[in-house]
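Remarks on the structure that follows.
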Amino acid sequence: MLAYLEQALGRTRMARLREARVGIGGLGGLGSNAAVHLVRSGVRHLVLADFDRVDKSNLNRQYYFLAQVGQMKVSALADNLRLIHPDLDLTLICERITAANVLAVFDSCGYWVEAFDQAESKKMFVTAGLRRHKRVVAASGLAGWGRTDDMVTREWSSGLVIVGDRKSGVDAAAPPLAPRVGVGAAKEADVVLSWILEEDEAVAEPGEVTEARGAKEAGGVKKARGVAEPCGRAETHEMDKTQEVGKTRGREETYAVGKTYEADKNRGVEISPGAAGSAKFRLPAGIYAITSQTHSLGRSNLDVAAEILRSGVKILQYREKSKVFREMYEECLVLRRMTRESGALLIVNDYPELALAVEADGVHIGQDDLPLQVVRQLVGSRLIVGVSTHSPEQACAAVEAGADYIGVGPIYPTRTKENVCASVGLQYLDYIVAHAEIPFVAIGGIKEHNLGEVLSHGASTVALVTEIVGSPDIEGKIAKLNQIIEVKDEKASDIVGVLTGGEE
Ligand SMILES: Cc1ncc(COP(=O)(O)OP(=O)(O)O)c(N)n1
Ligand SMILES: Cc1nc(C(=O)O)sc1CCOP(=O)(O)O
Ligand SMILES: [Mg+2]
């Protein structure tokens, strides 16, 4: 098994899988099956916790066998996992997990899998994991049968992913059954797998523009993520001669022009990483600040940017509509140095050649700029490419063509951008939150007074122009915006309020 995995994934990724420590809280239907998936994928170090014994009633969905009824789940599961791969490092905790012992048990693990059946345990586990800055995957809404396409995988906040339809709790009419519980377990395991496999590839290091993104495999061929499920056409595109283009699983649906997205929403169209097949990129959560000298109350872009970066903002976009190219280049060179020093990403708006010339981290393009395919040909995988979208059709097209993230807006009316389309409202954001599997940033008319609303609709990254650059006290303004974001982050652990019980 390991030889096959190494051949399929390459040595570097196998090493990452071998080193990763994954903690699983609860070994019922979710936890036992997730453990099996992880072991089959090459994970070796597992901390497994459950205080219960195998019962006959568990066998309809949990990874145990008749002969194991009466055994402690931790030891029964350990036996079963070792039948798959004998050389495992398993820490078996046969105790009820509570706030008092959760860290003692799981703190050594970077990845936490929530697989409890009680809402209170779920809440405790997720909250503890997030406080320790762990990657936590939790499940909600797996009961009953059917509607497996409603079981989505959603990044709820930085570090927390929830799988399931978030509605279908266990009750008399909706018992926990093998298929939906199994889908939930597989999704949880896949989230962990993606985190492990893409850890280094996923986070663009500010200032590192060349090989930081995307795993370089032997022979210089970069393999695409195998999970691409773009909406729209199933054809592949030759994006980059050095890349193997992502396999796209075809869907019948294509968006007809003018079709409303309400209709599509119910059809569960997913937006997944697309044809460029780059490793999944994570956009830092929080403020995405954008320059605009004309709105900066007479201050220069560089002075404004200095204040923005001093406030700890981790993404800065250089957007300048009124300067000659040479001046933009000079400014970007300085911004490159400043963003490197402060550990922020530098994204250049509109001009891929400028972004390349100053070794920015990325380029942002809109619907009227060079087509994404052309930009990708110019920048290959050296730059993050963000694309403005104003509708599900545009989002799908951007994802399919290999955008690394999308802009979603304008959420509210704005006068900052000329000729921008009418505001799309929170409805489009809701659609993206439910369907997008690549990062997105909400933009357009976002102010201190409506930021909370945007965040509460599920945006983790928010782009603002005039609210920041047009403020006389930029640091004070950013502090206030950050306060609103922090309150939302604390509330993120309240997601567990929607975690339904009885998953296993
Ligand atoms: C993060 C982000 N989202 C959207 C835009 C708008 O890009 P575009 O539609 O090309 O308009 P201009 O900014 O070029 O006027 C953006 N810049 N950033
Ligand atoms: C540049 C831009 N792009 C948008 C989009 O929806 O794509 S809205 C917008 C302007 C955002 O400025 P402000 O924060 O001042 O409203
Ligand atoms: Mg543009």
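The values are calculated or read from the model by the stated rules, or taken from the named source; none is laboratory data. All of these numbers come straight from a predicted model, not from anything done at the bench. Positions of Cβ are generated from backbone atoms using ideal geometry, with glycine treated the same way; all protein chains shown enter the neighbour counts. When the accessible area is computed, the model is the full protein with side chains, heavy atoms only, and any ligands, DNA or RNA have been set aside. Shrake-Rupley method; radii C 1.70, N 1.55, O 1.52, S 1.80 Å.
For first residues located in the stretch 16-28 and farther than 24 Å from Pro176 by Cα, partners that are part of a helix (DSSP H, G or I) and open to solvent by less than 10 Å² (accessible area, probe 1.4 Å) and lie 6+ apart or on another chain with Cβ distances below 7 Å form the pairs Arg16/Ile196; Leu17/Ile196; Ala20/Ile196; Val22/Leu38; Val22/Val192. In the stretch 359-396, the qualifying residues are those that are more than 20 Å from Tyr288 (Cβ to Cβ) and open to solvent by less than 50 Å² (accessible area, probe 1.4 Å), and the one that is nearest to ligand 2 (Cβ to nearest atom) is Ser391.
How many residues does the stretch 111-144 contain that are assigned to a helix (DSSP H, G or I), free of Cβ contacts under 8 Å to residues at least 40 places away in the same chain and in contact with a strand residue (DSSP E or B) (Cβ under 6 Å, 6 or more places away or on another chain)? The number of residues fulfilling the criteria is 1.
When Ile347 is tested against the conditions (1) surrounded by 23 or more Cβ atoms within 10 Å (Cβ to Cβ); (2) over 16 Å from Ala289 (Cβ atoms), the lone failure is (2). Counting only helices (runs of 4 or more DSSP H) that sit wholly inside the stretch 1-69, those with at least 2 residues that are over 19 Å from Val192 (Cβ atoms) and open to solvent by 10 Å² or more (accessible area, probe 1.4 Å) are 2-9. The residues listed here are Arg326, Arg336, Arg310; of these, the one that is in the same structural domain as Tyr351 (by TED's automatic domain parsing), in contact (Cβ under 8 Å) with a residue 40 or more places away in the chain and closer than 24 Å to Asp369 by Cα is Arg336.
Quick check: is even one residue across the stretch 304-320 of a type outside the set (S, T, N, Q), touching a helix residue (DSSP H, G or I) at 6+ places or on another chain (Cβ under 7 Å) and loosely packed, with under 15 Cβ neighbours inside 10 Å? Yes; the residues of the stretch 304-320 include at least one that is of a type outside the set (S, T, N, Q), touching a helix residue (DSSP H, G or I) at 6+ places or on another chain (Cβ under 7 Å) and loosely packed, with under 15 Cβ neighbours inside 10 Å. Taking the stated definitions as given, is Gly184 assigned by TED's automatic domain parsing to the domain that holds Arg44, on the phi > 0 side of the Ramachandran plot, touching a Leu at 6+ places or on another chain (Cβ under 8 Å) and not hydroxyl-bearing (Ser, Thr, Tyr)? So Gly184 fails the test. A count restricted to the stretch 353-379 and to residues that are away from ligand 3 (no atom under 16 Å from the Cβ) and of a type in the set (A, V, I, L, M) stands at 3. Reported count of residues in the stretch 443-466, each being of a type outside the set (Val, Ile, Thr), open to solvent by less than 30 Å² (accessible area, probe 1.4 Å) and near ligand 2 (Cβ under 9 Å from one of its atoms), is 4. Within the stretch 412-438, the residues that satisfy the criterion of being within 11 Å of ligand 1 (Cβ to nearest atom) and either modelled with pLDDT under 95 or in contact with a Ser or Thr (Cβ under 7 Å, 6 or more places away or on another chain) (or both) are Thr416, Lys417, Glu418, Asn419, Val420, Cys421.
Do you know which residues across the stretch 296-349 are of a type in the set (Phe, Trp, Tyr) and more than 16 Å from ligand 3 (Cβ to nearest atom)? Within the stretch 296-349, just Tyr329 meets the criteria. Within the stretch 456-470, if we keep just the residues that are touching a residue at least 24 places away in the same chain (Cβ under 8 Å) and out of contact with any strand residue (DSSP E or B) (no Cβ under 7 Å at 6 or more places or on another chain), the residue that is farthest from ligand 3 (Cβ to nearest atom) turns out to be Ser456.
Could you figure out which of (1) open to solvent by 70 Å² or more (accessible area, probe 1.4 Å); (2) at positive phi; (3) not hydrophobic (A, V, I, L, M, F, W, C) isn't true of Arg131? In the conditions (1) open to solvent by 70 Å² or more (accessible area, probe 1.4 Å); (2) at positive phi; (3) not hydrophobic (A, V, I, L, M, F, W, C), Arg131 misses (2) alone.
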